[in-house]
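First the structure, in the form of structure tokens, and then the observations on it.
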Amino acid sequence: MADPEIFDLTIIGAGPTGIFTAFYAGLRGMRTKIIEALPEPGGQLAVLYPEKLIYDVPGHPKILAKDLVQQLMQQVALFQPEFVFGERIETLTHVTANDEDVWRLGSSGHAHLTRTVVITAGIGAFTPNRLDRPGIDAFEGEGVYYFVKDKRPFRGKRLLIVGGGDTAVDWCLNLKDWASEITLIHRRDEFRAHEASLTSLRMSDIPMLTHWELKRVHGADGQVTGATIFENRTGEERNLDVDAVLINIGFKASLGTISSWGLDLADIRHIRTDGFMATNLPGVFAAGDIAAVDGSEPLNLIVTGFAQAAIAANAARRVIDPAARLFPGHSSELRL
Ligand SMILES: Cc1cc2nc3c(=O)[nH]c(=O)nc-3n(C[C@H](O)[C@H](O)[C@H](O)COP(=O)(O)OP(=O)(O)OC[C@H]3O[C@@H](n4cnc5c(N)ncnc54)[C@H](O)[C@@H]3O)c2cc1C
């Protein structure tokens, strides 16, 4: 079988940092591929808080996370990088192809060849914490959800939300005028959500049942019709008539095999880089939440990832062409 095409740059992870890295790589004329484990772009913004407003992206007094992702995708479309979704990179090895030393990125069943790599894998590929209770698995995706990718299934519905962190509280607030009725249950009486969000929630008419847990989900013909909840101190049970259950009890994020790629790690979650976002592997860079510059404590914000994306892409350009300048010129001077 013929070797796959050798790209100039391959980006691992299509969160905000990865998408913006692809934009800068496009500005530098690099043939770029971006590989994402999830079925959609946006990383944490798409999965953890798509409907939340972000206030600290320069130039946007406020913007919904999902809208920022959509605008980043619109911005990068100018350069038409190749996107690969639903593929998790598991190996990174140095190989020779067409008489050239390149990197080979492997996933189950696929291989990608590239001259340079930027790892923008964030907090890793994450999976929701699951509840093992009767009825949950049977209705998952059809009335029982761990993510909200789309608000439409909740329109006019009676909704039970399970959890006490930011995600559960934010969805209560976000869906309160969308669902016909919301009940929140949390197994403790302390919430981990932001105080301002909790204040808004307390001022709403959403019942917040603390020390209550989900016991069972009921339904028929592929539709949820109710849930049994119980008071975890007294054992009291209640049956709620609900059409949907949203379980937001946290996520597990895992860097998976990344730690075995021979990268110098600052700690179990971060790849050590220099000021050019270069790792210890030649031609391999890291940026965004996964990067720790000089091993120092990272500032895990979107804006930090954007700046690091610009640095990494321009530094990668110099690996491909050592005569190239780091400075890309001003985009305002381009005729696009
Ligand atoms: C609830 C919440 C609210 C936040 N609010 C703000 C805010 O208001 N302002 C702000 O600046 N920041 C905020 N943040 C932080 C911000 O979301 C992160 O700093 C940002 O998402 C980091 O972007 P990233 O691209 O580096 O990583 P991520 O967004 O984590 O994206 C990484 C991507 O890489 C993919 N990936 C991982 N491993 C692999 C692999 N092996 N192969 C292929 N793909 C892989 C993942 O699936 C993921 O899509 C918030 C975070 C949370 C959780």
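The values are calculated or read from the model by the stated rules, or taken from the named source; none is laboratory data. As the structure is a computational prediction, the values presented were derived from the model and not from experiment. Cβ atoms come from the backbone with ideal geometry, glycine included; neighbour counts cover every protein chain shown. The area values use the complete protein model at the heavy-atom level, side chains included, leaving out ligands, DNA and RNA. Shrake-Rupley method; radii C 1.70, N 1.55, O 1.52, S 1.80 Å.
Among the strands (runs of 3 or more DSSP E) confined wholly to region 222-265, which include 2 or more residues that are open to solvent by 60 Å² or more (accessible area, probe 1.4 Å) and away from the ligand (no atom under 12 Å from the Cβ)? Walk me through it before giving the result.
Working: elements: 223-231, 237-240, 244-247, 251-254.
Those strands (runs of 3 or more DSSP E) span 223-231, 237-240.
Looking at A121, A111, A125, which is the one that is modelled with pLDDT of 90 or more, in contact with a helix residue (DSSP H, G or I) (Cβ under 8 Å, 6 or more places away or on another chain) and within 16 Å of the ligand (Cβ to nearest atom)?
On the way: A111 fails: in contact with a helix residue (DSSP H, G or I) (Cβ under 8 Å, 6 or more places away or on another chain); A125 fails: modelled with pLDDT of 90 or more.
Answer to the selection: A121.
Looking at region 102-158 only, could you name the residues that are free of Cβ contacts under 8 Å to residues at least 24 places away in the same chain and within 18 Å of L48 (Cβ to Cβ)?
D150 - this is the single residue of region 102-158 that is free of Cβ contacts under 8 Å to residues at least 24 places away in the same chain and within 18 Å of L48 (Cβ to Cβ).
Can you tell me which of L92, L48, L53, L27 is open to solvent by 20 Å² or more (accessible area, probe 1.4 Å), touching a Leu at 6+ places or on another chain (Cβ under 7 Å) and assigned by TED's automatic domain parsing to the domain that holds I320? Don't jump to the end; show me each part of the working.
Values: L92 fails: open to solvent by 20 Å² or more (accessible area, probe 1.4 Å); L48 fails: touching a Leu at 6+ places or on another chain (Cβ under 7 Å); L27 fails: touching a Leu at 6+ places or on another chain (Cβ under 7 Å).
One residue alone meets the criteria, L53.
Select, from R115, R130, the only residue that is assigned to a strand (DSSP E or B) and open to solvent by 40 Å² or more (accessible area, probe 1.4 Å).
Step by step, each of R115, R130 is checked, and only R115 is assigned to a strand (DSSP E or B) and open to solvent by 40 Å² or more (accessible area, probe 1.4 Å).
Within region 205-221, identify whether any single residue is among the aliphatic types (A, V, I, L, M), loosely packed, with under 11 Cβ neighbours inside 10 Å and outside any strand (DSSP E or B), and answer yes or no.
No; the residues of region 205-221 include none that is among the aliphatic types (A, V, I, L, M), loosely packed, with under 11 Cβ neighbours inside 10 Å and outside any strand (DSSP E or B).
Six or more apart or on different chains, Cβ atoms under 7 Å: show the pairs whose first residue is in region 215-236 and within 21 Å of P153 (Cβ to Cβ) and without any contact (Cβ under 8 Å) to a residue 60 or more places away in the chain and whose second is of a type in the set (A, V, I, L, M, F, W, C) and open to solvent by 80 Å² or more (accessible area, probe 1.4 Å).
Pairs found: none.
Residues of region 64-82 being in contact (Cβ under 8 Å) with a residue 24 or more places away in the chain and open to solvent by less than 60 Å² (accessible area, probe 1.4 Å), which ones?
If the condition is that a residue be in contact (Cβ under 8 Å) with a residue 24 or more places away in the chain and open to solvent by less than 60 Å² (accessible area, probe 1.4 Å), then L68, V69, L72, M73, V76, F79, P81 are the ones that fit.
Among the residues of region 274-284, are any in contact (Cβ under 8 Å) with a residue 40 or more places away in the chain, part of a strand (DSSP E or B) and open to solvent by 30 Å² or more (accessible area, probe 1.4 Å)?
Scanning region 274-284 turns up no residue that is in contact (Cβ under 8 Å) with a residue 40 or more places away in the chain, part of a strand (DSSP E or B) and open to solvent by 30 Å² or more (accessible area, probe 1.4 Å).
Can you name the condition, by its number, that I35 falls short on among (1) hydrophobic (A, V, I, L, M, F, W, C); (2) assigned to a helix (DSSP H, G or I); (3) within 11 Å of the ligand (Cβ to nearest atom)?
(2)
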